[in-house]
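Following: one structure in structure tokens, then a few remarks.
Just so it is clear, none of the values below were taken in a lab; they were calculated from the coordinates. Everything numeric in this text was worked out from a predicted model, so none of it was measured. Methodologically, a virtual Cβ is constructed for each residue, glycine included, from the backbone with ideal geometry; neighbour enumeration extends over all protein chains shown.
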Protein chains: 2
Amino acid sequence: MLGGAGARRGISRREAVGLAGALGVGGIAGAGLQLAAGDETPTAAPPPTTVPLGSVGSRIVPFRGARQAGIATPTQRQSHARIAAFDLLPGVDSTELKALLQRWTTAAAELTAGDGGDDMTADSGPASLTITVGFGPSLFGQAGIPAGARPEALAPLPAFAGETLDPGRSDGDLGVLVAADDAVVVYSAIRRLEQLAAGTARPRWQFAGFTRGRGVTTNEGATVRNLMGQLDGTRNPKPTDATFTRTVFVTGDGWMQDGSYLVVRRIRMLLDDWEKLDVAEQEKTLGRKKDSGAPLSGGVETTPANFGRLGADGRPMIAENSHIRLATSAFNRGAAILRRGYSFADPQPGGGVEAGLIFLAWQSDPRTGFIPIQQNLVRGHDRLSTFTRHETSALFAMPGGVSSGGYLGQALFEEIGR
Amino acid sequence: MLGGAGARRGISRREAVGLAGALGVGGIAGAGLQLAAGDETPTAAPPPTTVPLGSVGSRIVPFRGARQAGIATPTQRQSHARIAAFDLLPGVDSTELKALLQRWTTAAAELTAGDGGDDMTADSGPASLTITVGFGPSLFGQAGIPAGARPEALAPLPAFAGETLDPGRSDGDLGVLVAADDAVVVYSAIRRLEQLAAGTARPRWQFAGFTRGRGVTTNEGATVRNLMGQLDGTRNPKPTDATFTRTVFVTGDGWMQDGSYLVVRRIRMLLDDWEKLDVAEQEKTLGRKKDSGAPLSGGVETTPANFGRLGADGRPMIAENSHIRLATSAFNRGAAILRRGYSFADPQPGGGVEAGLIFLAWQSDPRTGFIPIQQNLVRGHDRLSTFTRHETSALFAMPGGVSSGGYLGQALFEEIGR
């Protein structure tokens with residue numbers, strides 16, 4: 001049924017390639033563009049260079065499947081996102097919680113298909129809307145959900161030296177990530193979920209973020225810059241990597257089968273200080289060239305960093321305390337995360353703007369993902385941390401996908417016999 | 001030179017139409033879409049339905065011309081905007097102010113052409129970036145700008161019953177509107193202008209807004225919904241109207257020749273209350289059907305409202321206190337404004353979201369534009385005002401455009417002999 005909706009509103013990859021072929025134009029080098037509704041697997045075929053107007057808005061990412069959408073699909077993240085946490089109201093029981101998850105399931109299936117009876121979404125098309133839902137550590141032990149059902153991997157994150165977290169904008173019983181290529185669609189969807197939570201859960205915090213316009217940019221598929229101006233995500237795991245699935249998704253571990261753990265950090269950038277550095281200093285801080293993203297050891301953006309390479313001064317070209325050295329998988333016993341963050345730039349009273357990164361990292365287990373990487377960054381006195389502040393933190397277990405007739409989190413309720 | 005940049009990075013209307021022709025596809029009914037660089041005048045030719053990928057990002061709206069861009073161009077407003085006010089630092093003189101306007105001119109010309117040496121803009125294309133600059137009433141009498149140079153039309157707005165304005169987020173010596181179809185481009189440009197103001201002016205307030213994704217939506221060219229879900233802007237003046245130019249742009253009046261006055265109001269929507277109304281009540285409040293935007297007197301969205309038409313109950317089908325009746329030009333001695341507002345939805349501490357409209361209204365004179373319309377809405381107890389709160393207010397005189405070799409506000413400096 002969803003495939004039918006996709007065929008009706010969207011444009012298939014085959015059709016798009018056909019159009020490009022008719023025009024005699026070639027592919028875009030290096031683009032990892034997702035064009036077709038339901039295109040969950042990467043393909044080697046070059047993407048088309050010409051598309052029908054509105055085809056970005058009409059794209060559908062299927063809500064149902066073995067895994068939730070919005071984690072590894074679409075391959076390139078959407079342009080806009082909001083992430084929100086909710087806390088259960090006092091006295092809510094497991095029946096009410098399950099009913100909320102069922103309401104959210106129905107709404108998410110409709111909205112993501114562009115069939116929600118919602119004027120705002122209908123006007124713009126679903127625009128690759130994804131809605132991804134999960135559970136925070138604090139949910140377990142509440143509302144009839146036994147503390148013992150909490151996976152070991154969902155233990156609250158440890159404290160990290162140097163962070164000053166705002167508890168009111170951290171944690172939460174439920175986490176919801178909404179993303180789409182149209183900011184109105186994102187707003188409309190998260191508002192709907194909030195309305196459906198009434199009487200069961202209340203909003204705890206929400207962040208709104210943006211990245212380069214998918215379908216708008218002249219540079220589709222290329223790595224996107226963060227608000228420091230740095231290409232961010234060059235070494236992200238790719239769906240074509242042999243290790244991709246085990247890096248991102250849970251195998252085994254009961255109700256979390258096919259799920260993923262999401263770490264959320266609002267990382268403010270001290271841009272006034274950062275922008276006082278000259279470009280060479282900024283590059284030493286990261287370990288990469290600012291314009292091209294190439295590692296300072298040479299090559300192009302995609303060239304693996306050569307951490308052993310010494311400069312004329314006999315010191316490593318990529319400094320010991322540079323961000324990419326400390327964060328790289330090789331120096332963290334293989335720890336890897338899939339980063340799909342969004343920039344934020346929130347106007348403040350007094351005329352200033354708080355800007356930075358809503359860091360979103362997906363992994364099969366934070367104990368072999370975000371935690372050791374962040375610990376290594378702290379231990380190594382990451383040079384970038386002078387210019388960033390981790391202000392909030394949350395961890396959510398995002399369970400596996402929703403089958404036909406099923407609902408979000410169903411495996412958890414079945415496991416605990418509710 | 002700018003035309004050359006446009007030809008290099010953009011796609012001309014001729015090329016776009018040629019592509020559409022090659023595919024044998026027709027136009028989009030009712031679309032007022034601007035596709036080509038430099039397309040400042042509306043044309044009857046139907047826009048193409050197929051565009052090259054990235055063509056939305058590569059669009060250029062020329063910065064130089066008789067009028068500033070961002071007022072009536074592009075015809076359909078861009079997807080993202082930030083508006084900011086700046087106050088002069090104490091002791092700044094007219095030479096320093098002029099130098100700031102010259103720095104802003106250079107930066108705006110480069111950034112809008114996609115040639116700013118700015119990685120973030122270069123990555124996404126200028127995406128129809130426009131930068132529009134003007135002066136608040138408080139500028140006059142400062143920095144060597146005589147109080148007498150302030151046009152009568154730039155008198156501070158009168159107080160309106162029912163409003164509670166936040167002075168810290170109202171007014172300002174200088175006003176800057178930045179808009180583009182990519183949120184990163186908008187952020188990057190306003191950040192650059194802020195950096196260039198250092199030492200001369202400090203930020204006073206900033207708002208960030210969004211509307212439906214231009215080039216993304218499946219409904220290009222159609223009226224866009226606000227966050228109440230209502231089609232908003234149906235009766236906006238159109239460039240093809242005989243009265244358009246005199247409604248929007250100044251003729252005569254010295255240095256404001258070819259300029260326009262911008263009213264900015266952050267209007268918060270009380271959506272919790274609004275969404276408790278059933279659709280019929282919402283429609284009575286506005287005077288239009290919610291789904292189609294048709295007036296309650298019948299027809300389709302574009303049908304003129306028949307305010308005299310009575311229903312079966314003998315009362316006007318469009319209620320006396322409905323928003324469209326009180327705001328309509330016919331009941332305000334012809335007063336008209338060009339609205340190009342943006343939605344906002346700013347997350348707040350405690351988990352809530354402040355949402356509404358960054359109302360932006362352009363006119364040749366606020367005394368025959370926003371002021372009488374707003375006074376009539378207040379006098380008539382506009383039913384919509386139950387659900388809205390005007391929280392901030394600003395008025396800026398946005399002067400005429402910048403000629404080759406000229407700078408923003410040059411006519412003012414020449415008139416006062418500075």
Practice task
Please get the size of the charge dipole for chain A, origin at its Cα centre, with Cβ charges of +1 on Lys and Arg and -1 on Asp and Glu, quoted in debye to the nearest 20.
Solution key: 660 debye
Problem - Extreme residue, positive dipole direction of the stretch B:152-256, given options B:T247, B:A153, B:V186 (C-beta unit charges) - result: B:V186
Exercise for the section: Evaluate chain A: find the radius of gyration of its Cα atoms, find its Kirkwood radius, and give the ratio Rg to Rh. Expected result: 0.96
Exercise for the section: Could you line up B:F396, A:F413 from fewest to most neighbouring Cβ atoms inside 10 Å? Expected result: A:F413, B:F396
Completion exercise
HN-Hα couplings for the stretch A:223-238 via Karplus (6.51, -1.76, 1.60; θ = phi - 60°), in whole Hz with x for Gly/Pro, come out as 4, 9, 7, 8, 6, 7, x, 8, 4, 10, x, 3, 9, 4, x, 10
Fill in the blank from the handout: For B:R309, other-chain or 5+-apart residues with amide H closer than 5 Å (H placed, Pro excluded) are B:M317
Problem - chain B, helix-only ellipticity at 222 nm - DSSP H runs n ≥ 4, -39,500 (n - 2.57), divided by all residues, nearest 500 - result: -6500 deg cm²/dmol
Completion exercise
Under Stokes-Einstein, the stretch B:91-137 at 10 °C and 1.306 mPa s, with its Kirkwood radius over C-alpha pairs, diffuses with a coefficient in µm²/s of 133 µm²/s
Exercise for the section: Mind running the shape call on the stretch A:191-284? Use the C-alpha gyration tensor, a ≥ b ≥ c as the square roots of the eigenvalues: rounded below 1.5 for a/c, prolate if a/b tops b/c, oblate otherwise. Expected result: oblate
Practice task
Output ³J(HN,Hα) for the stretch B:159-165: one whole-Hz value per residue in order, computed from phi by the Karplus curve 6.51 cos²θ - 1.76 cosθ + 1.60 with θ = phi - 60°, and x for Gly and Pro.
Solution key: 6, 10, 4, x, 8, 10, 9
Problem - Cα centroid separation - the stretch A:361-377 against the stretch B:318-341, whole Å - result: 57 Å
Fill in the blank from the handout: Given Cβ charges of +1 for Lys and Arg and -1 for Asp and Glu, the option among A:N332, A:L360, A:P347 whose Cα lies farthest towards the positive end of the dipole of the stretch A:324-380 is A:N332
Practice task
Return the Cα extents of the stretch B:148-216 along principal axes one, two and three, sorted largest first, each rounded to a whole Å.
Solution key: 40, 35, 23
Handout entry: For the stretch B:179-232, Kirkwood radius (reciprocal of mean inverse C-alpha pair distance, Å)
Key = 13.6 Å
Exercise for the section: Pairs of Cα atoms under 8 Å, at least six residues apart: use those to get the relative contact order of chain B, whole percent. Expected result: 21 percent
Exercise for the section: Obtain the nm distance between the two label points defined at B:S292 and A:V378 by a simple spin-label model: each point lies 7 Å from its Cα along the Cα-to-C-beta direction. Expected result: 6.2 nm
Completion exercise
Cross-link reach from B:K284 to lysines, straight Cα distance under 30 Å and at least 8 residues apart if same chain, gives B:K238, B:K276
Handout entry: Tail fraction, Cα-Cα pairs, the protein assembly as shown, threshold 48 Å, whole percent
Key = 19 percent
Completion exercise
Any DSSP H helix in chain A with Cα axial reach of 20 Å or more and mean Kyte-Doolittle score of at least 0.5? Listed by number, the hits are A:183-197
Handout entry: Reciprocal of mean inverse Cα separation for the stretch B:378-418 (Kirkwood radius, Å)
Key = 14.1 Å
Fill in the blank from the handout: Residue by residue through the stretch A:141-155, the couplings from Karplus 6.51 cos²θ - 1.76 cosθ + 1.60 with θ = phi - 60°, in Hz, x for Gly and Pro, are x, 10, 6, x, 8, x, 4, x, 7, 6, x, 4, 5, 9, 4
Fill in the blank from the handout: Projected convex hull area of the stretch B:195-346, Cα atoms, direction-averaged, in nm², equals 13.3 nm²
Fill in the blank from the handout: Shape descriptors of the stretch B:259-418 over alpha-carbon atoms, Rg and Dmax in angstrom, are 19.2, 66
